[in-house]
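Written out below as structure tokens is the structure these notes cover.
The values are calculated or read from the model by the stated rules, or taken from the named source; none is laboratory data. Because the structure is predicted, anything quoted here is derived from the model rather than measured. Note: ideal-geometry Cβ built from the backbone for every residue, glycine included; neighbour counts use all protein chains shown. Accessible surface areas use protein heavy atoms only, side chains included; no ligands, DNA or RNA. Shrake-Rupley method; radii C 1.70, N 1.55, O 1.52, S 1.80 Å.
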Amino acid sequence: MKKVVVFFLTVSSLLELHAQTNYHHNVIWGRLVLADTINKNLRVEMLLQHRRQNLEENDLNVFAANQFNSYWPWLHYTLTPTTKISFSPIGYFESWILIAQPSNVHKEPIKEWRVSARIEQETRVKYFNLFNRYGLEYRQRDLLNNGIFQPNFRARYMVRLEKPIYFNRLKRPVTAVLNDEIFIQFGKAVRGNPNIFDQNRVYAGLNYTFSPYIKGSLGYVWGIQERNSGKEIDYYNFLWAIVTVDNVSSIFKKRRT
């Protein structure tokens, strides 16, 4: 655990020294998850995501411009009580650049198709649950908006801590979450980039299960992302809200009866 933290801090320090220009952004991120359970081991999810951003550096109007859209289906299989493997056969994404000033707004988003796989392991310790998640993505992106999709891979590693907190007035615990995820990339589309680092995200938030069908999460993300030039760094503040609608098929069954 200590080695992971030192590694993240070292990467951030090296980026500060290497970069010549820094930009600061404020973003709001919404995610709707439609989920269902096939059997005791298999679960399906559809992630519908939208992000918006400010137009000018340090502007607090996070609804000013588009930043990201995605439609991302997942299959999750519980291999053991502490190990889960996940696969997304295809996902579609649209992204606009993080804006430093209004003149930099891209009228057309960068379109992307993505195949993804992950494995997540849980370790229960005395005061909290520790999760390690490893992911690999194959990305095809139309980086120049010319209809030519360029491929590359991106590897992701996340370490996450979860701690349930019980309150007398609540039927269910509130789960405090803290995680850090680092992204590195390689392959044809990024071969000429100065290094393989893509971005790092630190998240802190709370999860709560309102009912057997509705779960909610609210949190804050601090992120750092390197642009292709290797001389520009984006720092961003995310307000991240997630609503999960679980057991979707059961809801429709109840309506029919």
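Which of the residues belonging to the stretch 143-187 are touching a strand residue (DSSP E or B) at 6+ places or on another chain (Cβ under 7 Å) and β-branched (Val, Ile, Thr)?
Passing the criteria: 159, 165, 174, 175, 177, 182, 184.
Condition test on residue 243, is it touching a residue at least 24 places away in the same chain (Cβ under 8 Å), surrounded by fewer than 18 Cβ atoms within 10 Å (Cβ to Cβ) and assigned to a strand (DSSP E or B)?
It is true that residue 243 is touching a residue at least 24 places away in the same chain (Cβ under 8 Å), surrounded by fewer than 18 Cβ atoms within 10 Å (Cβ to Cβ) and assigned to a strand (DSSP E or B).
Would you mention how many residues in the stretch 140-156 are open to solvent by less than 50 Å² (accessible area, probe 1.4 Å) and farther than 22 Å from residue 107 by Cβ?
Number of matching residues: 5.
Test of understanding: among 114, 141, 201, which residue is under 25 Å from residue 77 (Cα atoms) and modelled with pLDDT of 95 or more?
So the residue among 114, 141, 201 that is under 25 Å from residue 77 (Cα atoms) and modelled with pLDDT of 95 or more is 114.
Which pairs do you get when a residue that is within 21 Å of residue 79 (Cα to Cα), found in the stretch 37-64, comes within reach of a residue that is of a type in the set (D, E, K, R), reach meaning Cβ atoms under 6 angstrom, with the pair 6+ apart or on two chains?
Going by the 6 Å Cβ cut-off, the qualifying pairs are 37/43; 44/36.
So in the stretch 46-78, with the set limited to residues that are of a type in the set (Gly, Ala, Ser) and open to solvent by less than 20 Å² (accessible area, probe 1.4 Å), which one is farthest from residue 139 (Cα to Cα)?
65
Within the stretch 209-224, which residues are touching a Ser or Thr at 6+ places or on another chain (Cβ under 8 Å) and among the hydrophobic types (A, V, I, L, M, F, W, C)?
Matches in the stretch 209-224: 214, 224.
Any idea which of (1) surrounded by fewer than 17 Cβ atoms within 10 Å (Cβ to Cβ); (2) closer than 25 Å to residue 22 by Cβ is the one residue 249 doesn't satisfy?
Going through the list (1) surrounded by fewer than 17 Cβ atoms within 10 Å (Cβ to Cβ); (2) closer than 25 Å to residue 22 by Cβ, residue 249 breaks only (2).
Applying the selection to the stretch 22-45, what residues are surrounded by fewer than 16 Cβ atoms within 10 Å (Cβ to Cβ) and closer than 27 Å to residue 244 by Cβ?
Across the stretch 22-45, the qualifying residues are 30, 32, 34, 37, 38, 39, 40, 41, 42, 44.
Which one is nearest to the chain's Cα centre (by Cα) among residues in the stretch 112-127 that are surrounded by fewer than 17 Cβ atoms within 10 Å (Cβ to Cβ) and more than 17 Å from residue 157 (Cα to Cα)?
Per the stated criteria, the residue is 113.
Whether any residue in the stretch 172-182 is surrounded by 14 or more Cβ atoms within 10 Å (Cβ to Cβ), of a type in the set (Ser, Thr, Tyr) and in contact with a helix residue (DSSP H, G or I) (Cβ under 8 Å, 6 or more places away or on another chain) is what I want to check.
No, that holds for no residue.
Report, ordered by the first and then the second residue, all pairs with beta carbons closer than 7 Å, sequence separation of six or more or different chains, a first member in the stretch 217-238 that is under 12 Å from residue 22 (Cα atoms), and a second member that is of a type in the set (Gly, Ala, Ser).
Taking only residues 6 or more apart or on different chains, the pairs are 224/12; 231/19; 232/19; 233/19; 236/223.
Is there a residue in the stretch 205-212 that is open to solvent by less than 20 Å² (accessible area, probe 1.4 Å), touching a residue at least 40 places away in the same chain (Cβ under 8 Å) and not aliphatic (A, V, I, L, M)?
No, because not a single residue in the stretch 205-212 is open to solvent by less than 20 Å² (accessible area, probe 1.4 Å), touching a residue at least 40 places away in the same chain (Cβ under 8 Å) and not aliphatic (A, V, I, L, M).
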